[in-house]
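Reviewing the structure listed below.
The values are calculated or read from the model by the stated rules, or taken from the named source; none is laboratory data. All values reported here derive from a predicted model rather than from experimental measurement. Cβ placement follows ideal geometry from the backbone for every residue including glycine, while neighbour counts extend to all protein chains displayed.
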């Protein structure tokens, strides 16, 4: 591998990142976990704007990007709310849900694909969920550092 190799779609890369909101509050960091993440560029595993920012970077490269909400987790959809009967969940699960809890839900069409839902209101018989991703409607800023590119991902 050469350090001057530029990242392209399909490369397997190891990157560190720190994500912050517009007010500077950090929401995630691979540095805090003590190890970089590994991803295949262009695979769709990362949010689109982040993935696109990796193309053209090289090992040791550092970049600061701001991704608008539309290219991150999308804009908020105020109609994306569902009121679900408590009876569809296991009792021990329902007992742990409070307003503000973020839980993984799935739908009938894709039962193995989960998405985060935030409990807005816990009523006697139902729970009202916000089905927007918790980061929807937020512009995100990332500091990205390329740690390595796998040799076998280069041509």
What number of residues within the stretch 109-153 satisfy the criterion of being assigned to a loop (DSSP other than H, G, I, E, B) and either surrounded by 15 or more Cβ atoms within 10 Å (Cβ to Cβ) or touching a helix residue (DSSP H, G or I) at 6+ places or on another chain (Cβ under 7 Å) (or both)?
-> 9
The lone exception for residue 84 - which of (1) in contact (Cβ under 8 Å) with a residue 12 or more places away in the chain; (2) closer than 30 Å to residue 23 by Cα; (3) not in a loop (DSSP other than H, G, I, E, B) it fails | (2)
Got a sec? Which of 24, 10, 19 is assigned to a loop (DSSP other than H, G, I, E, B), touching a strand residue (DSSP E or B) at 6+ places or on another chain (Cβ under 9 Å) and closer than 16 Å to residue 142 by Cα?
-> 24
When residue 62 is evaluated against the numbered criteria (1) surrounded by 13 or more Cβ atoms within 10 Å (Cβ to Cβ); (2) in the same structural domain as residue 141 (by TED's automatic domain parsing); (3) in contact (Cβ under 8 Å) with a residue 60 or more places away in the chain; (4) closer than 17 Å to residue 142 by Cβ, which criterion, by number, is the only one it fails?
-> (1)
Of (1) in a loop (DSSP other than H, G, I, E, B); (2) out of contact with any strand residue (DSSP E or B) (no Cβ under 6 Å at 6 or more places or on another chain); (3) farther than 22 Å from residue 136 by Cβ, residue 32 fails just (1)
Close pairs from the stretch 28-40: first on the phi < 0 side of the Ramachandran plot, partner exposed (fewer than 13 other Cβ atoms within 10 Å of the Cβ), Cβ under 7 Å, at least 6 apart = 39/45; 40/10
